1. Return the total of residues in the range 243-257 being buried (at least 19 other Cβ atoms within 10 Å of the Cβ) and not polar (S, T, N, Q).
2. Which of (1) free of Cβ contacts under 8 Å to residues at least 60 places away in the same chain; (2) surrounded by fewer than 23 Cβ atoms within 10 Å (Cβ to Cβ); (3) more than 15 Å from Tyr217 (Cα to Cα) does Trp276 not meet, given it meets every other one?
3. Can you give me the number of residues within the range 125-143 that are within 13 Å of Ala168 (Cβ to Cβ), touching a Pro at 6+ places or on another chain (Cβ under 8 Å) and crowded, with 18+ Cβ neighbours inside 10 Å?
4. Mind checking whether some residue in the range 202-210 is touching a residue at least 24 places away in the same chain (Cβ under 8 Å) and in contact with a strand residue (DSSP E or B) (Cβ under 9 Å, 6 or more places away or on another chain)?
5. Taking Tyr234, is it surrounded by 15 or more Cβ atoms within 10 Å (Cβ to Cβ) and touching a residue at least 24 places away in the same chain (Cβ under 8 Å)?
6. Could you grab me the full set of residues in the range 199-218 that are among the β-branched types (Val, Ile, Thr), surrounded by 13 or more Cβ atoms within 10 Å (Cβ to Cβ) and more than 16 Å from Met254 (Cβ to Cβ)?
7. Among the candidates Gly274, Gly298, Gly228, Gly235, single out the residue that is modelled with pLDDT under 90, farther than 28 Å from Val79 by Cβ and not assigned by TED's automatic domain parsing to the domain that holds Leu98.
8. Need the failing condition index for Tyr266 against (1) surrounded by fewer than 23 Cβ atoms within 10 Å (Cβ to Cβ); (2) within 17 Å of Asn213 (Cβ to Cβ); (3) of a type in the set (Ser, Thr, Tyr), just the number.
Amino acid sequence: MITHGLVLAISASIAGISLANQPFTGPHLESASVKAATIFDVPYRGSRAGTIIKALEIPVAPSISHSVVHHTARSGDTVASIAQQHGVPEESVRWSNLTSRVGSQPAVGTDLLVPPVAGVALVSREGDTLAALADRYHVDAVTLADFNRLRFAVDDPLPAGLELVVPAGRGPELAPVAQSSRPTAGFRGRGYTLLGVVPNVPVAAGNRFAFGNCTYYVYNRRQVPWQGDAWAWYGNAQAMGFPTGPAPRPGSIMVTWESGYGHVAYVESVNQDGSWLVSEMNWVAFNTVDRRSISPGGVPLIGFIY
């Protein structure tokens, strides 16, 4: 029969407690017979007795996402508001959507790529490698691979269609948004000749501008990917990489301060004397198309979109 004393001895041995030379009094061992001070004076060699174990540290901060975020533009969204919502710089949103030619105010319904951290979000194309992407966005190829949990060699071709995040990546130099100021008086100027009313043109597919306005007409002549009031077109075009300048060209868009909301017109032709011919809507009347010949300096010009 196993006695209580033997059980206690086995348990003490497992726990690393030496009971050598300790008196046993049989099955009715008195608690006073085991002196705690004596038992724990010298822990068993190799045991964990007397060892202070540090408690596990449980992370409380949210982990950083490594995935590209898709943001569907809603009414009133701007690049600035989208960037603020996702906690990244405006440049990160613009660099991540260069191929979509997103202006300062994306069209409603546009699917935008947003990186979860400051940097660039992208979709890989045929022929891309980690080394090439790292060089393009000025980062280290190994860092790029690690952040995206990829096990490709830096020179291996990547599969097309991979959504990748380039942490701390930097894209090309972005054109600043035009900061044109409104003239204090004389919105319409005097250096033009009204040539009369002309027939309207067919409505272009995808036209979301207000019916009868200048922006509505110009979109029908030349489809543009941005939205916004007329005065904002110049800056939106620059933000999306469209060339702009102060001189008219056939087929360009003239942007002026000829109303409180600005004005846009379509440049039909340019004359040898430097004047140009435009067609436009809502200048002489709502939903009415007219033509004007304009002389240099004849209107409060913001610029031309090419």
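1. Here the count works out to 5.
2. Among (1) free of Cβ contacts under 8 Å to residues at least 60 places away in the same chain; (2) surrounded by fewer than 23 Cβ atoms within 10 Å (Cβ to Cβ); (3) more than 15 Å from Tyr217 (Cα to Cα), Trp276 violates only (2).
3. Selection size over the range 125-143: 1.
4. The initial filter retains those residues of the range 202-210 that are touching a residue at least 24 places away in the same chain (Cβ under 8 Å), namely 208.
Pick out the ones that are also in contact with a strand residue (DSSP E or B) (Cβ under 9 Å, 6 or more places away or on another chain) and you get none.
Taking every residue of the range 202-210 in turn, none turns out to be touching a residue at least 24 places away in the same chain (Cβ under 8 Å) and in contact with a strand residue (DSSP E or B) (Cβ under 9 Å, 6 or more places away or on another chain).
5. Criteria met by Tyr234.
6. The one that is among the β-branched types (Val, Ile, Thr), surrounded by 13 or more Cβ atoms within 10 Å (Cβ to Cβ) and more than 16 Å from Met254 (Cβ to Cβ): Val201.
7. Just a single option satisfies the conditions, and that option is Gly298.
8. It is condition (1) that Tyr266 fails.
The values are calculated or read from the model by the stated rules, or taken from the named source; none is laboratory data. These numbers come from a predicted model, not from an experiment. Every residue, glycine among them, receives a Cβ derived from its backbone with ideal geometry; neighbour counts consider all protein chains shown.
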